[in-house]
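Just dropping this structure here.
Quick note: the coordinates plus some simple rules give every number you see, no bench work behind them. Here the structure is a predicted model, which is why all the values come from computation and not from measurement. Here the Cβ positions follow ideal geometry from the backbone for every residue, glycine too, while neighbour counts run over all protein chains shown.
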Amino acid sequence: MVEDLGSEKDVVWAKAEEEVNNIIDGLGLGIDNNIKGVVASFRVHGFPTTGSCEGHPDDKEHGNDYPWIEICADEPDGWRESEVVQNQWRAENLRQRSRVEELLVEFYGSRSTSNSKLILINKGIYGAFRIQGSSIEGKSLEDPEEQHKRQLDEMNAFSDFLKEKFLSES
């Protein structure tokens, strides 16, 4: 009997979306609606997400004006006491970053974009990082709302790419 891997993967995908819908942060809030699908995409690919924001160009007190997702391997036991454990943690985060960089190269290898691009930003001494929307140098838009929309669209296009890649792999 041949298994239907497509439907099996659909179940995995749906489970990841459900898990993301149930995540509550330290402020008692859920993940922003416009970034949930992106977070699920990263989690299905095995990336340990630790924070996210859809971006809030009209409310600087609530967050940044660009969308972002933070990726960091789980804090290992004994990391405060052991330089070896710290180095292992850093190495795992760098491995995750390398995987994201490879996916971005593949994504942008077949895509052109005029006003926004996804970039990686270091976040801490142990290799945590963010993937976030950014304007292409010299192509910043006048309207922050339009700029935010383009960055979020780019993040969602990357999410669609990740989903297609996951569903099509055997």
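If I take R0 = 41 Å and measure r between the Cβ atoms of Glu169 and Asn122 in this structure, what FRET efficiency does the formula 1/(1 + (r/R0)^6) give, to the nearest 0.05?
Once the sixth-power term is evaluated, E becomes 0.90.
Given H placed 1.01 Å from N in the peptide plane, which residues other than close sequence neighbours of Gly55 have an amide H under 5 Å from its amide H?
Those lying under 5 Å, H to H, from Gly55 are Trp68.
Amide H neighbours of Thr50 under 5 Å, at least 5 residues apart or on other chains, H built in the peptide plane: list them.
Those lying under 5 Å, H to H, from Thr50 are Glu70, Ile71, Cys72.
Right, another one. What distance in nm separates the simple spin-label points at Glu75 and Thr50, each placed 7 Å from Cα in the Cβ direction?
For Glu75 paired with Thr50, the spin-label model returns 0.8 nm.
A follow-up question, please. Which of Ile24, Ile131, Ile69 moves most in a GNM of the chain, Cα contacts under 10 Å?
With Cα springs under 10 Å in the chain, the top fluctuation among Ile24, Ile131, Ile69 is at Ile24.
For the range 65-77, what does the Karplus curve 6.51 cos²θ - 1.76 cosθ + 1.60, with θ = phi - 60°, yield as ³J(HN,Hα) per residue in whole Hz, taken in order and with x for Gly and Pro?
Here the 3J(HN,Hα) series is 8, 10, x, 8, 9, 9, 10, 7, 4, 4, 5, x, 4 Hz.
What value does the range 5-168 have for Rg/Rh, both radii from Cα atoms and Rh as Kirkwood defines it?
My calculation puts Rg/Rh at 0.98.
Which of the trypsin sites (Lys or Arg not before Pro) found in the range 1-103 are loop residues per DSSP with 11 or fewer other Cβ atoms within 10 Å of their Cβ?
Of the trypsin sites (Lys or Arg not before Pro), the ones in loops of the range 1-103 whose Cβ has at most 11 other Cβ atoms within 10 Å are Lys60, Arg80.
Continuing with the same structure: Dipole magnitude of the chain about its Cα centre, charges +1 at Lys/Arg Cβ and -1 at Asp/Glu Cβ only, in debye to the nearest 20?
500 debye
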